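Structure first, commentary second.
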Amino acid sequence: MNLKRSQRMQKLVDIETQQSQPVVAKFKADQVALQQQEQALLNLLTYREEYTEKFKAQGNAGASAFKMHDFYCFLQKLDDAIVQQRQVLVNLAQELEHSRLAWQRAHQRIEALQQVTDQSDQQEKTHARKQSQRQLEERFGLMAPEVFST
């Protein structure tokens, strides 16, 4: 089976597209993971704020030294969790950037292959039109007589 160049190139585009699917999936998964962890950080910050406000409201009525100690210990644990969550976000952002670059490289390669495929297809169509025109001219004797030079 003789395939035209554009058909062979299209097969390469299809293969490259198929092989890039895991890269696309990882990029999307990394985006979702980052969004989820950003939401988790917001939840921690909101909880910390609410907890502090609640304690302040109760503290105005008088709080024992034991309650104050528990409050500050818990607040320190929340702060530690927030610091850790921020580090998770930094790590995920770096991972997302790596997967974005991998996706971008794959996408550019597919686009380049598709562009070559489209060019080949256009060349083949132009060649086919010229060949068809030439055949019509030959059939109906419309070809100009050749001039022989001596």
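The values are calculated or read from the model by the stated rules, or taken from the named source; none is laboratory data. Keep in mind that what you see is a predicted model, and the values were worked out from it rather than measured. For neighbour counting, all protein chains shown are included, and Cβ atoms are generated from backbone atoms with ideal geometry for every residue, glycine included.
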Scanning the range 62-87 residue by residue, those more than 21 Å from LEU41 (Cβ to Cβ), loosely packed, with under 13 Cβ neighbours inside 10 Å and either modelled with pLDDT of 95 or more or not aromatic (Phe, Trp, Tyr) (or both) turn out to be GLY62, SER64, ALA65, MET68, HIS69, CYS73
Starting from residues that are among the basic types (Lys, Arg) and in contact with a helix residue (DSSP H, G or I) (Cβ under 8 Å, 6 or more places away or on another chain), keep the ones in the range 79-122 and report whichever is farthest from PRO22 (Cα to Cα).
ARG86
Going residue by residue through the range 19-31, is there one that turns out to be closer than 24 Å to ALA93 by Cα, out of contact with any strand residue (DSSP E or B) (no Cβ under 7 Å at 6 or more places or on another chain) and basic (Lys, Arg)?
yes
Pick from ALA57, ALA40: which is surrounded by fewer than 11 Cβ atoms within 10 Å (Cβ to Cβ) and of a type in the set (A, V, I, L, M, F, W, C)?
ALA57
Would you be able to say whether some residue in the range 73-95 is in contact (Cβ under 8 Å) with a residue 60 or more places away in the chain and acidic (Asp, Glu)?
yes
